[in-house]
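Each remark here refers to the structure printed beneath this line.
The numbers here are math on the coordinates, done by the rules we state, and not lab data. Predicted model only: the values in this text are computed from it and were never measured. Cβ placement follows ideal geometry from the backbone for every residue including glycine, while neighbour counts extend to all protein chains displayed.
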Amino acid sequence: MIRRSLGELYESIREFFVATDDNGEIIGCSALHVFWDDLAELKCLAVSEKAHGQGIGRRLVEACMRSAQELEIKTVFTLTYVAEFFEKCGYHRIDKAELPHKIWNECVRCPLFPNCTEIALVRPVGAEPALVGAGHSYETATL
Ligand SMILES: CC(C)(COP(=O)(O)OP(=O)(O)OC[C@H]1O[C@@H](n2cnc3c(N)ncnc32)[C@H](O)[C@@H]1OP(=O)(O)O)[C@@H](O)C(=O)NCCC(=O)NCCS
């Protein structure tokens, strides 16, 4: 994940969803950044280690997907090292070269640019998440 200054976080605070525990402590976040009228990025997904494996990451993904749907965006993409997690959330891999050039603006600040090995995945908005893990029941209420 790219380091962000406090200033950048305040500027983009409205893009964020957070998950909180019973004490109100933030235990996870995700963000949806709109690039164009038909394209947005799901970014900044992280769940506190102590809360891993409880379906919180999946709910944070779904919160972003619902937001994209409300904005009538057609496609959400993500760049990640945990492609398997996103595949379980209904995303599929694509060649990074298929993404428009404008999305790389932020990447030039990353020390790994241009040799990053992140994997690009997309999910059409409105598509049901993959039924991998069927049998689990995940809340989809607003976080
Ligand atoms: C990746 C991450 C967000 C997952 O959060 P989580 O709350 O533990 O995930 P969930 O409990 O919602 O898991 C949903 C499904 O994905 C699977 N999964 C979770 N983490 C996974 C991983 N790293 N690799 C593959 N599958 C994973 C779970 O087993 C579960 O599968 P199931 O439905 O078959 O049971 C969390 O591990 C994290 O914050 N990692 C560090 C930051 C990071 O890598 N962020 C990714 C964006 S760049």
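Observations, loosely collected:
- Rounded to the nearest 500, the helix-only mean residue ellipticity at 222 nm of the chain stands at -5500 deg cm²/dmol, with each DSSP H run of n ≥ 4 adding -39,500 (n - 2.57).
- Charge dipole (the stretch 6-124, unit charges on Cβ, about Cα centre) - positive-most of ALA68, VAL34, PHE113: PHE113
- FRET efficiency estimate (nearest 0.05) - Cβ-Cβ, VAL34 to LEU6, R0 25 angstrom: 0.70
- Neighbour counts of other Cβ atoms within 10 Å put GLU41, GLU84 in the fewest-to-most order GLU84, GLU41.
- Backbone phi angles across the stretch 32-44, fed through the Karplus curve with coefficients 6.51, -1.76 and 1.60 (θ = phi - 60°), yield HN-Hα couplings of 10, 10, 7, 9, 7, 5, 10, 9, 9, 10, 8, 9, 6 Hz in residue order; Gly and Pro are listed as x.
- Net charge dipole size for the stretch 6-124 [Lys, Arg +1 and Asp, Glu -1 on Cβ; Debye, nearest 20]: 220
- FRET efficiency, 1/(1 + (r/R0)^6) with R0 22 Å, evaluated for ILE13 and TRP104 via beta carbons: 0.40
- Relative contact order of the stretch 6-124: 21 percent, from C-alpha pairs under 8 Å at least 6 residues apart in sequence.
- Shape class of the stretch 6-124 from the alpha-carbon gyration tensor: rounded, with the ratio a/c of largest to smallest axis under 1.5.
- The overall shape of the stretch 1-74 is oblate: from the C-alpha gyration tensor, with semi-axes ordered a ≥ b ≥ c, the ratio a/c is 1.5 or greater and a/b is no larger than b/c.
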